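Below is one structure, written out as C-alpha cells, with a few remarks after it.
The values are calculated or read from the model by the stated rules, or taken from the named source; none is laboratory data. Here the structure is a predicted model, which means the values were calculated and not measured. As a convention, Cβ positions derive from the backbone with ideal geometry for all residues, glycine included, and neighbour counts pool all protein chains shown.
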Amino acid sequence: MIEIKNLSKTFGTQMVLNDVSLKIEKGKVVVVIGPSGTGKSTLLRCINLLERPEKGRIKLGDFEADYEKISKAEIQVLRSRTSMVFQNSNLYRNKTALENIKLPLTAVKKMEDRKAEEIGLGLLEKVGMLEKKDAYPETLSGGEKQRVGIARAMGVNPDIILFDEPTSALDPELVSEVLEVIQDLAKQHTTMLIVTHEMKFARSVADEIVFMEGGKIVEQAPPEEFFGNPRTERTRRFISSNME
C-alpha cells in the first residue's frame, strides 16, 4: 500500500497542492482527473521527489518518510520503489529500446548484464515491442516510445507505477495502443496511479477515481459511483463537459 498524508506544494505564491492525502491499496489502480493546472502532475512529481513538497509524509509498504526532512538515503529508497512514465517517454536517444530498459537494472539494481537482458526482452515482448529491441527512439512512433517507457518502468519491479498523462503527447490514432498496455497491467493487478484526461479510459481501468481542483481532492469514489452518482455539483459539471 502507498499512503500520502497532508502533501503540500507551492510555486512562488501559488499553492499547487493543498494538504492532499491519498491511499492506494496494493494491486489497485487509482486514476486522477480534473481541469488543467490543478496539481495532478505535480502530485506525481512530488511523490517521488522530482518536485520537493514543503510538507507531507509518505508510506510505501514498510518504508515511511517525512518530506520535510527526508534524507538522501531515503530518497534513493523511495525512487527505487517507484517508477514513472512521463508525457513524453524520456528515453535515452543514444540507446536502443532494449538498452533503455537494461540501464536502470544494471546501474540502479546492480544486475548482471545477462539477467538484465533477459528481463528486458521479456518486458518488450509483454508490450508488443520485441521486434523493435534494437531500434533507437528516433525511429519509433510516439506510441512505440511510450510502450518502451512503460516496459522500462516495469523493469525495476516497483511497488507502484506513476503515469503522468501517458497519451497526451500522442497523435489520436496512437493512443489506443498505449491504453491497451496499461489495461493489461491493470488486469495483472499492477499498482498504478494514473493522471489522464481520457475519461472513458479512466472509467474502464480504475478501481478508484480521484477528482482534483485547486490543489485539493474534491471527490473520490469507485468509477460506477463517481460517474453514475457524483456527490458534488462541481464533479457533475466536469463529467458532463468531458464525457461528450
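Out of Val20, Val16, Val85, I need the residue that is under 30 Å from Asn242 (Cα atoms) and touching a Pro at 6+ places or on another chain (Cβ under 7 Å). Which one?
Numbers: Val20 fails: touching a Pro at 6+ places or on another chain (Cβ under 7 Å); Val16 fails: touching a Pro at 6+ places or on another chain (Cβ under 7 Å).
Among Val20, Val16, Val85, only Val85 is under 30 Å from Asn242 (Cα atoms) and touching a Pro at 6+ places or on another chain (Cβ under 7 Å).
Restricting the search to region 8-40, which residues are modelled with pLDDT of 95 or more and among the hydroxyl-bearing types (Ser, Thr, Tyr)?
Across region 8-40, the qualifying residues are Ser8, Thr10, Ser21.
Considering (1) part of a loop (DSSP other than H, G, I, E, B); (2) surrounded by 19 or more Cβ atoms within 10 Å (Cβ to Cβ), say which one Phe226 fails and leave the rest.
Condition not satisfied by Phe226: (1).
List pairs: first in region 56-82 and over 22 Å from Ala153 (Cα atoms), second among the hydrophobic types (A, V, I, L, M, F, W, C) and in a helix (DSSP H, G or I), Cβ under 7 Å, 6+ apart or cross-chain?
Taking only residues 6 or more apart or on different chains, the pairs are Ala65/Leu78.
Which condition number in (1) in contact with a Lys or Arg (Cβ under 7 Å, 6 or more places away or on another chain); (2) loosely packed, with under 15 Cβ neighbours inside 10 Å is the one that His189 fails?
The number of the failed condition is (1).
I'm trying to understand the selection: among the residues of region 178-197, which are over 14 Å from the mean Cα position of the chain (by Cα) and touching a residue at least 24 places away in the same chain (Cβ under 8 Å)? Break it down stepwise before answering.
Narrowing region 178-197 to residues over 14 Å from the mean Cα position of the chain (by Cα): 180, 184, 187-189.
Listed by number, the residues that qualify are Asp184, His189.
Residue-by-condition table, conditions (1) in contact with a Phe, Trp or Tyr (Cβ under 6 Å, 6 or more places away or on another chain); (2) over 23 Å from Leu174 (Cα atoms); (3) modelled with pLDDT of 95 or more; (4) not aromatic (Phe, Trp, Tyr):
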{"residue": "Gly56", "(1), (2), (3), (4)": "yes, yes, yes, yes"}
{"residue": "Arg79", "(1), (2), (3), (4)": "no, yes, no, yes"}
{"residue": "Ile101", "(1), (2), (3), (4)": "no, no, yes, yes"}
{"residue": "Leu123", "(1), (2), (3), (4)": "no, no, yes, yes"}
{"residue": "Ile150", "(1), (2), (3), (4)": "no, no, yes, yes"}
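Let's see how each residue does on (1) under 24 Å from Lys115 (Cβ atoms); (2) assigned to a loop (DSSP other than H, G, I, E, B); (3) of a type in the set (Asp, Glu); (4) within 13 Å of the chain's Cα centre (by Cα):
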residue: Ala135; (1), (2), (3), (4): yes, yes, no, no
residue: Ile150; (1), (2), (3), (4): yes, no, no, yes
residue: Asn157; (1), (2), (3), (4): yes, yes, no, no
residue: Pro166; (1), (2), (3), (4): no, yes, no, yes
residue: Val210; (1), (2), (3), (4): no, no, no, no
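So Pro172 passes all but one of these: (1) at pLDDT below 95; (2) under 28 Å from Ala107 (Cβ atoms). Which condition number does it fail?
Here Pro172 clears every test but (2).
Taking the options Arg236, Arg203, Arg147, Arg231, name whichever one is surrounded by fewer than 16 Cβ atoms within 10 Å (Cβ to Cβ) and in contact (Cβ under 8 Å) with a residue 12 or more places away in the chain. So that I can check it myself, show each step before the final result.
On the way: Arg236 fails: in contact (Cβ under 8 Å) with a residue 12 or more places away in the chain; Arg203 fails: surrounded by fewer than 16 Cβ atoms within 10 Å (Cβ to Cβ); Arg147 fails: surrounded by fewer than 16 Cβ atoms within 10 Å (Cβ to Cβ).
Arg231 is the lone residue from the list that is surrounded by fewer than 16 Cβ atoms within 10 Å (Cβ to Cβ) and in contact (Cβ under 8 Å) with a residue 12 or more places away in the chain.
Looking at Asn88, Asn100, which one is closer than 20 Å to Thr190 by Cβ and out of contact with any strand residue (DSSP E or B) (no Cβ under 6 Å at 6 or more places or on another chain)?
Numbers: Asn88 fails: closer than 20 Å to Thr190 by Cβ.
Step by step, each of Asn88, Asn100 is checked, and only Asn100 is closer than 20 Å to Thr190 by Cβ and out of contact with any strand residue (DSSP E or B) (no Cβ under 6 Å at 6 or more places or on another chain).
Taking into account only those residues within region 88-128 that are more than 13 Å from Lys145 (Cα to Cα) and small (Gly, Ala, Ser), which is surrounded by the fewest Cβ atoms within 10 Å (Cβ to Cβ)?
Among those that are more than 13 Å from Lys145 (Cα to Cα) and small (Gly, Ala, Ser), it is Ala107.
Of the numbered conditions (1) surrounded by 14 or more Cβ atoms within 10 Å (Cβ to Cβ); (2) of a type in the set (S, T, N, Q); (3) at pLDDT 95 or above, Asn48 satisfies every one except a single condition; which is it?
(3) is the only condition that Asn48 fails.
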